[in-house]
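As structure tokens, the structure follows; a few thoughts come after it.
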Amino acid sequence: MDNLTISNPGRRRFLRTAPAAAAAGFTLSEALLRSSGAEAQAILHVPSAPYEIIAAHQIQDDLAALAAHPGSKTLVSEEHFTIVLAAEKKAAAKEFEWHEYRDHIFYICDGSTIYELGGTPQNPHRTGPGEWLAPASEGAAKVTLHKGDYLVIPRGTPHKRTTPESVTFMLTAPMTPRAGIEPVKA
């Protein structure tokens, strides 16, 4: 078999960490199988409804509505995660933001946007429990995202979005439950 070269460093990191994540999942599954029902309930998050389906036609309808009137729509808001669909035109964040208790996973549905990521925040100020802003982040890297791209921003990473034209995206925000933390807004 030929030696394959993977030029995307994010993909390399994923390929290195995926086996560890799978092993952790198997370990949790095995622990749940061996535990009593009460122990399993203590380990697992059991939402009020066992699942939620968001049909493709609902998402398409929401995308069409957002294309006509940019803004955001929360699709799911649970204790441990939020999913938001959003569209914006010619917009720019004034400051970098970062979060102590939640990650961001962006999927670009249409259009493009520019992110400034990482670096060292300059003159940070807290806006709420676990929420921070800073006017600048020294050493931040710029990336341009296009339709079909994903961006994973781990908690604690400064980030700022600028959309020169238009973008529609889906944001999934897994979070560690903390008292006083509000659901994510796009």
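Since every read-out is calculated from the coordinates, none of them should be taken as a lab result. The shown structure was predicted, so the numbers you read here are calculated from the model rather than taken from an experiment. Positions of Cβ are backbone-derived with ideal geometry, glycine not excepted, and every protein chain shown enters the neighbour counts.
For this structure, a couple of remarks:
- The Cα-based radius of gyration of the stretch 64-153, divided by its Kirkwood radius, gives an Rg/Rh of 0.97.
- Most positive-pole-ward Cα, THR127, ALA173, ALA65, against dipole of the stretch 59-186 from beta carbon charges: THR127
- Compared with the alpha-carbon gap, the fully stretched path from LYS89 to GLN60 is longer by 8.6 nm at 0.36 nm per residue.
- Kirkwood-Stokes translational diffusion coefficient of the stretch 56-96, alpha-carbon pairs, 25 °C, 0.890 mPa s, µm²/s: 212 µm²/s
- Among 119-125, 138-144, the order from most to least packed when residues are scored by Cβ within 10 Å on average: 119-125, 138-144
- Rough spin-label spacing in nm, given labels placed 7 Å along Cα→Cβ, for GLU131 and SER77: 1.2 nm
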